[in-house]
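Novice: Following this message is one structure expressed as structure tokens.
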Amino acid sequence: MSSKFISLKYPTFLQNELWLLKRNRMSGVQIAQNKRISRATVSKTLKKANERVKSLLENAARMNRIQIKILNEELGYVKGYSHMFKLEAHITFSPINGVHVWYDHKGKCESCEDLTNCREVLLQEFKERNLQVPHTAIRPTDLSDLLFEKIEERLK
């Protein structure tokens with residue numbers, strides 16, 4: 001029996017920096033000019049960053065037994081289905097938050113121990129993606145619905 005070990009690496013500081021600029025709709029040429037590096041360096045760095053983000057997202061899906069329906073490494077996003085929980089699932093990658101797995105459910109946020117942390121992570125996702133939040137008092141379960149809706153709009 002052969003065992004396959006997966007070597008996962010998060011993107012480097014430079015890869016994260018360029019990846020975020022690209023995710024926020026800067027062109028490769030604009031990134032090269034902004035960072036004063038060659039377009040070839042931008043292209044090579046983004047390719048490696050996307051490979052690492054894709055591996056992280058696929059591994060999170062595999063570990064959480066989520067069947068992938070949509071995977072977009074450039075946006076750091078997976079939409080899938082958890083047969084174990086019988087729920088839609090989303091996986092996000094952010095240089096600050098890392099990898100997060102979210103399940104579609106209408107939770108009772110007010111009584112949840114993780115309310116503050118959950119809200120902070122979601123608000124950071126909005127910030128990094130340059131997305132507007134209608135108001136921060138919105139429940140995390142509703143914030144997550146809005147986040148995934150806005151991400152999926154960008155996929156069209």
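The values are calculated or read from the model by the stated rules, or taken from the named source; none is laboratory data. From a predicted model like this one, the values you see are computed outputs, not experimental measurements. We place every Cβ from the backbone using ideal geometry, glycine too, and count neighbours over all the protein chains shown.
Novice: Taking the options CYS118, CYS112, name whichever one is touching a Cys at 6+ places or on another chain (Cβ under 8 Å), farther than 25 Å from LYS54 by Cα and not charged (D, E, K, R).
Specialist: Result: CYS112 is the single residue among CYS118, CYS112 that is touching a Cys at 6+ places or on another chain (Cβ under 8 Å), farther than 25 Å from LYS54 by Cα and not charged (D, E, K, R).
Novice: Please report, ordered by residue number, the strands (runs of 3 or more DSSP E) entirely within the stretch 45-143 with at least 3 residues that are without any contact (Cβ under 8 Å) to a residue 24 or more places away in the chain.
Specialist: 66-72, 77-82
Novice: What is the number of the single condition among (1) surrounded by 12 or more Cβ atoms within 10 Å (Cβ to Cβ); (2) more than 17 Å from the chain's Cα centre (by Cα); (3) of a type in the set (Gly, Ala, Ser) that SER111 does not meet?
Specialist: For SER111, the failing item is (1).
Novice: Is it the case that some residue within the stretch 106-121 is modelled with pLDDT of 90 or more and within 21 Å of PRO11 (Cα to Cα)?
Specialist: yes
Novice: Tell me, yes or no, whether the stretch 135-147 has at least one residue that is closer than 16 Å to LEU57 by Cα, modelled with pLDDT of 95 or more and surrounded by 17 or more Cβ atoms within 10 Å (Cβ to Cβ).
Specialist: No, every residue in the stretch 135-147 fails to be closer than 16 Å to LEU57 by Cα, modelled with pLDDT of 95 or more and surrounded by 17 or more Cβ atoms within 10 Å (Cβ to Cβ).
Novice: Residue check: is THR141 under 25 Å from LYS9 (Cα atoms) and touching a helix residue (DSSP H, G or I) at 6+ places or on another chain (Cβ under 8 Å)?
Specialist: So THR141 fails the test.
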